[in-house]
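The values are calculated or read from the model by the stated rules, or taken from the named source; none is laboratory data. Computed from a prediction, not measured in an experiment: that's the story for all the values here. With ideal geometry, Cβ positions are generated from the backbone for all residues, glycine too; neighbour counts draw on all protein chains shown. Each accessible area value is taken on the protein alone, full model and side chains, heavy atoms only, with ligands, DNA and RNA left out. Shrake-Rupley method; radii C 1.70, N 1.55, O 1.52, S 1.80 Å.
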Amino acid sequence: MTAERFLRAYNRIDDHLRSLLDIDRSRFGFASVVDQAAKRYSVVRRYADDLKEFGALRNAIVHDREFPARIIADPRPEVVEAIERLADIIIDPPRVYPLFQREVRRLGWDDPIQKPLRWIRKYHYTQFPVFRDRRFAGLLTSRCVAQWLADSVQNGGIDFGGVTVGDVLRHDEYGGRRVAFVARDATWYDAVELFSPARGKRSASLEAILITESGREDEELLGIITPRDLLNPPAGVS
């Protein structure tokens with residue numbers, strides 16, 4: 001029966017959420033568990049309404065007044081497939097690593113500006129993390145370079161002699177700090193939320209997310225995420 005498949009998927013979700021929250025089945029109903037998990041996990045926030053609808057459907061399928069509980073309805077096959085897909089996503093959401101694993105070319109504060117300009121021409125990269133004394137100093141972007149060029153023209157001309165990455169980064173309105181660091185086990189949903197100014201209570205959206213082992217700025221860079229990267233969700237994500 002499709003009801004048995006539905007209940008297996010539902011129980012997988014219920015057990016997983018209760019395990020995350022350390023809540024046993026004797027405490028709280030499913031909707032309450034979803035609400036509590038949604039406060040902590042972005043993937044649950046994303047699908048909270050769907051989860052509650054499936055919870056209501058579960059109650060319609062199972063007659064709890066009898067023991068053992070009796071199945072009194074069969075859900076449609078497409079509904080079963082939907083909750084099975086959702087169970088897979090909730091239990092094992094896509095992670096930013098290795099999803100966005102890539103080489104990240106980093107710059108030093110005192111590097112000559114010609115260095116990233118050569119990289120822009122050769123690799124067509126447009127964002128470069130900048131470090132100063134092993135600490136993250138900002139993100140040099142093509143927009144920042146364009147602003148520096150415009151300011152230089154306004155001030156009488158462009159002189160590349162002695163100009164450093166740090167000099168150019170100072171022309172960025174936000175100091176290149178529109179960046180977040182996340183650990184490699186962060187989810188795709190975490191990244192989506194970070195790019196939302198409302199979620200981060202920032203005055204401007206992020207330009208990039210940098211991935212490291214545990215989300216610390218002083219660790220090796222494992223990858224980078226831009227808003228454009230999230231336009232094509234991974235398989236199974238809706």
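Per the Kirkwood formula on distinct C-alpha pairs, the Rh of the chain is how many angstrom? Could you put the intermediate results ahead of the total?
Working: mean 1/r = 0.0478 Å⁻¹.
Roughly 20.9 Å, rounded to one decimal.
Could you give the length gained on full extension between D50 and D159, defined as 0.36 nm per residue of separation minus the Cα-Cα distance, in nm? Intermediate results must be reported in sequence, preceding the final value.
Details: separation 109, 0.36 × 109 = 39.24 nm, distance 5.81 nm.
Gain in length upon complete extension: 33.4 nm.
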Cα→Cβ-extended label distance, 7 Å offset, between L231 and I71, nm: 4.5 nm
Spin-label pair R85/I120, simplified geometry with 7 Å Cα→Cβ offset, distance in nm: 4.1 nm
Fraction of accessible area attributable to carbon and sulfur, region 1-141 (%, probe 1.4 Å): 47 percent
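Counting only heavy atoms of protein chains, what accessible area per residue, in Å², does the chain have with a probe of 1.4 Å?
On the way: 13550 Å² over 238 residues.
Each residue of the chain exposes 57 Å² on average to a 1.4 Å probe.
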For the pair S205 and L149, how long in nm is the line joining their label points, each one 7 Å along Cα→Cβ? 2.3 nm
Region 1-45: trypsin sites (Lys or Arg not before Pro) in DSSP coil with no more than 12 other Cβ atoms inside 10 Å: R25, R27, K39, R40
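Relative to the compact globular guide of 2.2 N^0.38 Å, what is the alpha carbon radius of gyration of region 1-111, as a ratio? Could you put the intermediate results ahead of the total?
Details: Rg = 18.7 Å, N = 111, 2.2 N^0.38 = 13.2 Å.
So region 1-111 has a normalised radius of gyration of 1.42.
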Between region 88-130 and region 1-39, what is the C-alpha centre distance in whole Å? 38 Å
Highest-fluctuation residue, L194, L149, L221 considered, GNM on the chain with Cα pairs under 10 Å: L149
